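Since the structure comes first, as structure tokens, the remarks are kept for the end.
The values are calculated or read from the model by the stated rules, or taken from the named source; none is laboratory data. Please read these numbers as outputs of a predicted model, since none were measured by experiment. Every residue, glycine as well, gets a Cβ built from its backbone with ideal geometry; the counts of neighbours run over all protein chains shown. All accessible areas refer to the heavy atoms of the entire protein, side chains included, with ligands and DNA or RNA removed. Shrake-Rupley method; radii C 1.70, N 1.55, O 1.52, S 1.80 Å.
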Amino acid sequence: MLLDRLKTETRAAHDRIEADLDLLRPNLSRANYSALLARYQAFFRVWEPAVAEAIGDECFFGPRRKLHLLDQDLEALGVEPLAGAPRVERFATRAQAMGSLYVLEGSTMGGLVIAAHVRRTLGVSGPGARYFENYGRDAAERWRAFRAALAGISTPQTDAAVVAAALQTFEILHRWLAPGKAVAHG
Ligand code: HEM
């Protein structure tokens, strides 16, 4: 099963990025939170068009876009966008783009936990926290629908490439969002 493979084979990468971002720490500051959002925004600026192109179906991908949420958050917090961005290659196949999208769609689950923490510790919700609030009360249903779409593209020939794309996306995100930590892990 592709969904089981994705979950199992990316678990270590998930736990590493979760631990290194350490977003649920009690002393999370507004400055740290703002700086991280600026890095997410720079990632989405290059990643989102690459996924859109490879998926080639705006009916499917359009409602899953999140760059505009990050734009709103930065503006609400008065944060300047970063000049730089990580290097993201074009996806050779739609299946690879779906593997990469798995990482960011799955992160909406943790996003809700992070949004609740940001609201409690920094008093930020709505504009300023829209990226992590993401789909709100629809998140579980949206995640279920995305998993169904993933299951629908599973084939014995392409599943390994989907998993590899997800792992690579975790790797790029880890290096970009937690730059100080990436070195320590080799
Ligand atoms: C403080 C940080 C984070 C927390 C607390 C967290 C928490 C969680 C939780 C509770 C789930 C399980 C949801 C469920 O199965 O119902 C989950 C799933 C997931 N998270 Fe995170 N997460 C965090 C960060 C991230 C990040 C930074 C990413 C990637 C950008 C990410 C990607 C994923 C993915 C892909 C899944 C789906 C796993 C699967 O069931 O296949 N998470 N996360």
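Worth a mention:
- Surface per residue (accessible, 1.4 Å probe) for segment 106-186, Å²: 50
- Solution diffusion estimate, µm²/s, Stokes-Einstein, segment 1-129, Kirkwood Rh from C-alpha pairs, 25 °C, viscosity 0.890 mPa s: 154
- Each label point was placed 7 Å from the Cα along the Cα-to-Cβ direction; for Arg25 and Ala50 their separation is 2.8 nm.
- Accessible-area composition of the chain, carbon plus sulfur, in percent [1.4 Å probe]: 54
- Shape summary: segment 20-72 maps onto an equivalent ellipsoid whose semi-axes, from the alpha-carbon gyration tensor, are 28, 10, 10 Å in decreasing order.
- Multiplying the residue separation of Gln157 and Ala116 by 0.36 nm and removing their Cα-Cα distance gives an extension gain of 10.7 nm.
- Dimensions of segment 51-186 from C-alpha coordinates, computed as largest minus smallest value along each principal axis and given longest first, are 48, 37, 24 Å.
- Segment 69-145: C-alpha gyration tensor shape, a/c 1.5 cut-off, then a/b vs b/c: oblate
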